[in-house]
Every structure is written in structure tokens, then in C-alpha cells.
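The values are calculated or read from the model by the stated rules, or taken from the named source; none is laboratory data. Since the structure is predicted, the reported quantities are computational estimates derived from the model, not experimental observations. Here the Cβ positions follow ideal geometry from the backbone for every residue, glycine too, while neighbour counts run over all protein chains shown. Only protein heavy atoms, including side chains, enter the accessible area calculation; ligands, DNA and RNA are left aside. Shrake-Rupley method; radii C 1.70, N 1.55, O 1.52, S 1.80 Å.
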Amino acid sequence: MVFGVSLDGVESHRKFCDSLALPFQLLTDEHGRHAREFGVFLESFGGVARRAMFVVERDGRLGHIDGNYDLKTESDWESLLAALGPRPETPPPARLLVDAPPPLTSERLDGDAIRRDLQLLASDEFEGRGVATRAERRTVEYLTEQLTQAGFAPGNGPSFVQQVPLLSVTKVAPPELRLGGVALRFLDDFVLMSKRQQPGAQKTTGELVFVGYGCVAPEFGWDDYREVDVKGKVVVCLVGDPPLPDGRFGGKAMTYYGRWTYKYEEAARQGAAGCLIVHETEPAAYGWEVVRNSWGGEQFDFIRADGGAARCAFEGWITREVFVELLARSRGGLELAAVKQAALQEEFRAVPLAVEAESVAEHKFEPVVSRNVIGLLPGSDPRVAKEHLLFTAHWDHFGIDPTKVGDSILNGAIDNACGVAALLEVARALGRGPRPRRSVVMLFVTAEERGLLGSHFYAENPVHPLADALALINIDGWNVHGRTRDMAVIGMGQNSLEGLLGEALTAQGRVLAPDPEPEKGSYYRSDQLPFARAGVPALYTGRGVDFIGQDAGYGLELRRRYTTQHYHKPSDEFDPAWTYDGAVEDLHALLSVARRVLATPAWPQWNDESEFKSLRPQAGPRASAPEAASGAGGGGGE
């Protein structure tokens, strides 16, 4: 009997090996760069087994140490067997072509399952997974169903749901903005809204003051508001944080000081009546269309005890072109390049522009309830079962945009249906694998696109105490373009989880890489941030850029194309051409990290240089002394 199969890429190879219960591992060349799959081919005649090594390339060709064979027909397989020489009377031990590492995890991961979940969640049936819509109900029901089937228990007492009370903010009429008497066009020139929860039209006037990057950072010796009183005035600031040559503010990498959320927070602390951010595509890392899509429709906020009185009367963006014209009409006439250069100097002081801003905004405020979805895989050891590893992914996107002609559904396939699909497959693998002694909490959060509201709510109202949280792994977007030689860590340098991931990647013949786009400040833009601020070491990974079989710039070009053509747009849709071998390989690495965190008595720690270190200076197990001293790992065969 000869086992023959049409091998179409690595994913088919995995399935072929699985069907025969054969092992597979990784083979690398002498440079450790070009990873190839290999396994043990088994054929038998009359009960006499024969083993032979083979290597599978991505194009489906299968090669042996004695030659290459294109195994498409039965005769092709016979030719390979003939080339292997006479069969021994007893099977020889399998020989490895190199010293290959053991498999990372025993879990089997199904790329087809990831594809099915992704395709469904990103379909028009789910209507862009808008917050507080019928699509939310459908999404929550699906996630609950999948977690149940994966073997997870409800994570909030008897329920899979944590209710998140929010405030829906919709515009009664398009807002108005005049700068120096010149009326601007809503959505084309500016976006604006007020989250002060007051009825009726709110009119705001105030002198415009340019405050550079709008940052107050004592640790960097920086204060854009020094020696200026902006109470009752409208501040204008640049997007991003100061790209100082001495490396303060992270050098090329963006810090939280560069986030638009920070700029509005700081303006409010300074007593400003309003805050306008100047949009520029490169430092913002996205085009104006992303701003108008994100701000043009319904917004959400928390229901605040002060009714939003502590916020600015309005928050908004203006285009670069509007700011250039504004500078030209201001006191003495100014140029953008000159004011940007001035904003990088130690001696910078805010610049009154001698121009008045006038805004009118009227909003409808309506309380709504959204939902985080929580699944729990209880640990097997009651002594440490309270200790848990958190996984997060946001399920929401922007729903339906009624202002758009034609395709009005923002499906959010990459952002973040694919991340949810990947995390569901992690849940299935953990659910059917050996039960760890510590627990696993799967948290699918709402309203990430609205300012990380769901993750902020959980971090402030945790169902499972964050003091018992070992660490957090966040998935926001996932690789659907093929295998890579690398895997990126967003915000590299934060904590010890990165070392565990690096070891897992080394075992795969791959490398750990820093964020290829640190200027985007992505560590401060996704759901791990509220947990990091609560002291929980958090790992946020991204797809690599060194794609096997592709040109050197392919990975970065994929990122650029997605950002410019699809990010927060209706075109972020499921593509049947996507592949999942890279997604599976990346998930194996994350699962290896998860298993080690769950099995090791020592807790993950923040690095000394991390800005979050002081929030949890030293975390450690709460187990009994004998258990901790034993160095016991996870149970259930781990």
C-alpha cells in the first residue's frame, strides 16, 4: 500500500502528516533563514513498515536527500520508493537531516477554521459589527456559541457577557466651524464633536493658540503649555509627538504623547475650550478618509458622572491644507515648515494666532448597553486556578455608514475579524489540549474602534481580579498572506513575554523582529493598553514582513497598501485568495508562549526600562511555599 496525496503548500502537508499521525518539524539551511517543512513518510507492504525523510517546498514539490520528485500520480510515488532503494526487513530509525527542535505545542490548529470564522464575521450578514446594533447581538451570540463548543465555561458567573454601559453620541445637524470668519466644510475640511452631555446647540468661541505638539512630559523636560494660559481658548496642535534627535519621546517610535486621545485629555486639563489636531498623513499613519470615516457618524463615550463637563467643549481635526491657510492669515503670516521646526526647540513657547474660532455643535445623547464576551477555561489545580492568562481581541468595527453611496458596510475583515477568528482557534486548541493548572480567560471586547472603551471598562471593572492576571496576549489583525521568517512585536522592549516568544520563534527557525512601523505608536492604540496601565504585562504581536518566496519589500508594501486603500474603509473585506499557513505558524508560537506562562511558577515581568514597570514592580505567584519551591509546571501532561 502506498500513501499518495496532492500536496499544495504547507497547509496541505500538515493535514497529510496529521492524517497518518506522522510528526512534522522544521528544517533550516545553514544560514537559518529559509524554513522548510519536513516529516516522515510511511509506506508499508505486507505489514513491513518503511520510513523515509522528505522535504516539502511551498510549491508542492517533495524532495528526498537523493533527489526531487513531483508526486502527482501513483507512478510518481512508486518512482520515489524505487529511488529509496531496497526495503529493509525491519524499519530503520528515522534520521533527521538536521538537528531539528521538538514541536512547539501538541495542539493542532486548523487554518480552514480560521478562514471560516473570518469569512463569516466579515460578511455583509454581520453588517460591520457595529456597536449597539443588531449586528452586535449576532456577533455576541456567535462568539458565545464558539466558546461553548471549544470547551470554555461562561466567564462572568453564569454568563458569557459583561455589560458595558455607554453613551451613543449622534449629530442632530452637521457641526459648524469658522476660523477667522472663514466657514469650513464638515468632513472635507474638519471633523468636530462635543462630548459634553448637554442638550441643545453648544456655541463655543475662543482665540486660537498654536501649542506645538500639545505635550506636557516632565520626564522628558518638555512642556508645550509653559508660560501660556489657554483657559477659554482653542488650542491647535500637531499630530504625533516631537521627533527629537536625542531620542526623547521614543525617537522614531510614537509614545502615548502622540495619540489624539492624549492631546484632548491634556487640552482639557489646561482648561482649553476646544482642541483641534492638524492632520498629516505620514505622522498620523493614515489618510484623511480614515478620520472622516471614524468621526463622521455615531460616536460613543462612557456615561460620566460630571456629564462630560471636564472635557473640552469640542474636540476635532482640521486638514493640513486648512492649517496652512490659517497660518498665512495669522499674525504676521506664518509658514507650516517654520512652526513645525519651532515646535521641536527647547525654547518653544505657544503662539497666539490672533484668529478666533467659532463652533456650533448639537448632539443627541442616548444611553446604550454594549457587551464584552468572556470565556473561562478553569485551571485544573485549585491552589493556583485563580491565576489566569488573559487573551484579548476586539470584535467591533464601524458597522454601516448611511452617508456612503454604494457599498456602505465597513466589514473590518483585517480589523479585526481575522484577529477574532485567530483567537477562536486558540480557544479550541486550549480547550481540547491538556488542561493547564492555571486558568485562561478569553476576552472579546467591544468598542475598541471608539477609543478602547470595552477594554478600559473591563480593566476598571475586572470580572477576574487583575492582581491574579499572569499576563495578557492581544490579537488585533493577523497574518493572512503566507509564511514569514519573522514575527513582529509591537512596542518591543516592554516585558519578559517577548523573550518567550523569541524562544518559540527560534524553535521554528524564525526570528523575533521589532515593530516595522514604530512611528504609528500601535502599542498605545489597541486593547492591551488599559491592562498595561493596570500593571499587567501585555504582549501585542504583528505579522512579520520577511515573507518566504517573496521579494524583500513585499511585507512592507502589504502594510502600506492596506493602510492607504483599506484601513477603516468598506474595502476591508474578506479575500478568497488569502492563505492561512502563516497564520497557523504564528499561532503555534503564541500558544507556546501561553503554555509556558501557564506552566511556570514565575510570573512574567515588566522590563526595568518599561514605562509600566512601576505599576507592577514585582509580580509573583500566590501559591503555597511548597508548590512554588517544587518548580512544578502545568498539569495534564505539560
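Brief remarks follow.
- Given (1) within 18 Å of LEU591 (Cβ to Cβ); (2) surrounded by fewer than 24 Cβ atoms within 10 Å (Cβ to Cβ); (3) of a type outside the set (Phe, Trp, Tyr), number of the condition VAL463 does not satisfy: (1)
- Some residue of region 547-556 being under 27 Å from THR261 (Cβ atoms), surrounded by 19 or more Cβ atoms within 10 Å (Cβ to Cβ) and touching a residue at least 12 places away in the same chain (Cβ under 8 Å): no
- Scanning region 239-269 for residues that are part of a helix (DSSP H, G or I), of a type in the set (A, V, I, L, M, F, W, C) and closer than 12 Å to GLY521 by Cβ returns PHE249, TRP260.
- Hits in region 215-227 - residues which are open to solvent by 40 Å² or more (accessible area, probe 1.4 Å) and part of a loop (DSSP other than H, G, I, E, B): GLY221, ARG226, GLU227
- Hits in region 295-329 (condition: within 20 Å of ALA272 (Cα to Cα), surrounded by fewer than 19 Cβ atoms within 10 Å (Cβ to Cβ) and more than 28 Å from the chain's Cα centre (by Cα)): ASP306, GLY307, ALA309, ALA310
- In region 137-152 there is no residue matching the filter, namely being open to solvent by less than 10 Å² (accessible area, probe 1.4 Å), within 28 Å of GLU362 (Cα to Cα) and not basic (Lys, Arg).
- Test: residue in region 230-242 that is farther than 30 Å from ASP515 by Cα, open to solvent by 10 Å² or more (accessible area, probe 1.4 Å) and among the aliphatic types (A, V, I, L, M): no
- For region 516-545, the candidate set comprises residues that are surrounded by 18 or more Cβ atoms within 10 Å (Cβ to Cβ) and among the charged types (D, E, K, R); within that set, the residue that is farthest from GLY240 (Cα to Cα) is ARG543.
- Among the candidates GLY200, GLY212, residue that is open to solvent by less than 20 Å² (accessible area, probe 1.4 Å), touching a residue at least 60 places away in the same chain (Cβ under 8 Å) and more than 14 Å from GLU358 (Cβ to Cβ): GLY212
- Of everything in region 175-186 that is at pLDDT 95 or above and either surrounded by 14 or more Cβ atoms within 10 Å (Cβ to Cβ) or basic (Lys, Arg) (or both), the residue that is nearest to the chain's Cα centre (by Cα) is PHE186.
- Consider region 378-409 and keep the residues that are assigned to a strand (DSSP E or B) and either open to solvent by 60 Å² or more (accessible area, probe 1.4 Å) or among the aliphatic types (A, V, I, L, M) (or both). The one that is farthest from THR133 (Cα to Cα) is LEU389.
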